[in-house]
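Asker: Below is the structure I would like to discuss, written out as structure tokens.
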Amino acid sequence: RCRAEQALQESEERYRLAFLTSPDSININRVDDGMYVDINEGFANIMGYTREEAIGKTSFDLPVWNDPNDRARLIAKLREDGYCDNLEAEFLSKEGEVKAGLMSARIITLDGAPHILSITRDITERKRLDAEARESAILRADLEKEKEIIALKERFVSMAPPEFRTPL
């Protein structure tokens, strides 16, 4: 029996440390009102709220959803399936910065009430780099078109009689 208790304590400690030290935002909220029950360091680092500022407040009090309809989509998916994987949404940090996040969540039961356990990865930088890469590809394509136009103009001018090539 003592060995089983020790194994349980070790297991709880492993999960607690994984929760607390993940660089991703991990939080537990009540389903009904979105009240934060617990947050990890990743949440604090990404969103800018301390544990003291977040716990006991709702996700509307802070407010973290850039578009509250994204929370409604999350809740609908959780109620339908009990989980939601890879929901892309925009969040607002304490400083008002819009952050892109990729969230996965599950319904868990704590003290007899449904709660959301969610993990959100900050993909803001990845999305910025993707947008820059797309913009760069567009600029490269435009540059190639300009080069083709210049080459066509040079070819056209080279085929014209000499009297038309001389500037007035």
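The values are calculated or read from the model by the stated rules, or taken from the named source; none is laboratory data. This is a predicted model, so every value here is computed, not measured. Quick reminder, even Gly has a Cβ in these numbers, built from the backbone with ideal geometry, and neighbours come from all protein chains shown. Remember, those area values only see protein heavy atoms, side chains included, never the ligands or the DNA or RNA. Shrake-Rupley method; radii C 1.70, N 1.55, O 1.52, S 1.80 Å.
Asker: Looking at S104, S93, which is the one that is free of Cβ contacts under 8 Å to residues at least 24 places away in the same chain, within 19 Å of R126 (Cβ to Cβ) and polar (S, T, N, Q)?
Answerer: Result: S104 is the single residue among S104, S93 that is free of Cβ contacts under 8 Å to residues at least 24 places away in the same chain, within 19 Å of R126 (Cβ to Cβ) and polar (S, T, N, Q).
Asker: Are any of the residues in segment 115-131 open to solvent by 70 Å² or more (accessible area, probe 1.4 Å), among the polar types (S, T, N, Q) and at pLDDT 95 or above?
Answerer: No, segment 115-131 contains no residue that is open to solvent by 70 Å² or more (accessible area, probe 1.4 Å), among the polar types (S, T, N, Q) and at pLDDT 95 or above.
Asker: Taking only segment 92-114 into account, find how many residues are over 18 Å from V37 (Cα atoms), part of a strand (DSSP E or B) and open to solvent by 50 Å² or more (accessible area, probe 1.4 Å).
Answerer: Residues meeting the conditions: 1.
Asker: Further question on the same structure: Being aliphatic (A, V, I, L, M) and part of a strand (DSSP E or B) is the filter here; which residues of segment 1-53 pass it?
Answerer: Passing the criteria: I26, I28, M35, V37, I39.
Asker: Which count do you get for residues in segment 67-91 that are under 14 Å from the mean Cα position of the chain (by Cα) and either open to solvent by 40 Å² or more (accessible area, probe 1.4 Å) or at positive phi (or both)?
Answerer: Residues meeting the conditions: 5.
Asker: Restricting to segment 7-66, and then to whatever is of a type in the set (F, W, Y) and under 18 Å from L92 (Cα atoms), can you tell me which residue is surrounded by the most Cβ atoms within 10 Å (Cβ to Cβ)?
Answerer: F43
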